[in-house]
């Protein structure tokens, strides 16, 4: 799962769920269970994008709810929805989110989840606090639709039309000659993983993660391996970065590098920016994937990618700082730097008093969500900030820039 890395984008990687302890077998049994009520089907389901992720309307016990769709996680329902449904708790298991934070989640089974008229029956789900993260709270959803449910059918995602097609037969979907077919393997909960090469070095188990609103993210360990093989970079970010379902991770350094060649046997890319950090899952997210029409076929463990638009993140302009919220106050949580260069402008730890004339000294949840959404508004190219540093108030006019000018 995902949530916020606010330098290149607001990254939401919500939950990489690993059940452990005495209930491991029972938890996995619940997460793996389920079926589709119909035997032959093809339905189209509209969706909306919010903070870079897919939001679906689902029906549970005759009532409509909104869920984030997340291939990087199993189903999750909020504590409030679990109470409303009166679900029976089968046990608890340890779960780890994308930032390395962990907690023990109860798990259960939901008798029916309706999506586009289809009924997904007796599907396992974890029960989580969807309000624990200030960033996840901005989605205002009741849970996640995860890979353990999705693997029961074939799913097509058309980001241009905002339509999901769910079917029992892949032949009912159009697959043009330029389609790229990528084999994947899965975790116990159905999350699709692929092996991915960067500058000739193989990256194992990259998550194809529709619950991440970033593009390419890998580990500091892989970054060190690439450096030993000649990779050079001088751009990095330090501070609080992404948030998972259990909240933000610890302070961390994220390094950015232009990778000259990356991909798999059937997917070849060149000169793309990849971020690397110690704390975080290895993911390929929606920011890149939405440039394709995607077909996930768990019956053959294949992802079919039909190109729709080109992607070149090396030219992307972004704000080189991020906000973080603490006790209703907004701070500069992290910022981008160049090794050896003087740090100018907003700095980590500055309290943000005003953003574009809006007072954020006592920041409400709604105001916080508005600040986060600025990351996804292409019309906003400059921010006017008033910050407090020590006993001084400082004004900054900050424009979006490319990472590697």
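Values in this text are rule-based calculations from the coordinates and carry no lab data. Here the structure is a predicted model, which is why all the values come from computation and not from measurement. Counting neighbours? That spans all protein chains shown, and the Cβs are built from the backbone with ideal geometry, glycine included.
Data table
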{"quantity": "Per-residue Cβ neighbour rank within 10 angstrom, fewest leading, 342, 151", "calculated": "342, 151"}
{"quantity": "Matching label, Rg/Rh (Cα atoms, Kirkwood Rh) computed from the structure shown, candidates (i) 0.97; (ii) 1.10; (iii) 0.99", "calculated": "(i)"}
{"quantity": "Residue 364 versus residue 397: modelled label distance in nm, points set 7 Å from Cα along the beta carbon direction", "calculated": "3.1"}
{"quantity": "Theoretical FRET efficiency, 1/(1+(r/R0)^6), r = Cβ-Cβ of residue 121 and residue 373, R0 35 Å, to 0.05", "calculated": "0.45"}
{"quantity": "Reference-scaled alpha-carbon Rg (2.2 N^0.38 Å with N residues) for segment 272-405", "calculated": "1.30"}
{"quantity": "FRET E, pair residue 162, residue 202, Förster distance 30 Å, beta-carbon r, rounded to 0.05", "calculated": "0.30"}
{"quantity": "Efficiency of FRET between residue 38 and residue 137 - r from beta-carbon atoms, R0 30 angstrom, step 0.05", "calculated": "0.30"}
{"quantity": "Beta bridges per DSSP with both ends in the chain, % antiparallel, nearest 5", "calculated": "90"}
{"quantity": "Packing-based exposure ordering (other Cβ within 10 Å, fewest first) of 181, 360", "calculated": "181, 360"}
{"quantity": "Residue-span extension gain [residue 260 to residue 181] - 0.36 nm each, minus C-alpha spacing", "calculated": "26.2 nm"}
{"quantity": "Candidates 303, 294, 231: whichever shows maximal mean-square fluctuation once the chain is modelled as a Gaussian network with Cα springs under 10 Å", "calculated": "231"}
{"quantity": "Relative exposure of 215, 209, 111, judged by other C-beta atoms within 10 Å (fewest first)", "calculated": "111, 215, 209"}
{"quantity": "Extension gain from residue 188 to residue 278, taking 0.36 nm per residue of separation minus the Cα-Cα distance", "calculated": "30.0 nm"}
{"quantity": "Average Cα contact separation per residue, segment 129-171, under 8 Å, 6 or more apart, as relative contact order %", "calculated": "24"}
{"quantity": "Computed [θ] at 222 nm, deg cm²/dmol, the chain (DSSP H ≥ 4; -39,500 (n - 2.57); rounded to nearest 500)", "calculated": "-2500 deg cm²/dmol"}
{"quantity": "Mean separation of Cα contacts under 8 Å, 6 or more apart, over the residue count of the chain: relative contact order %", "calculated": "19"}
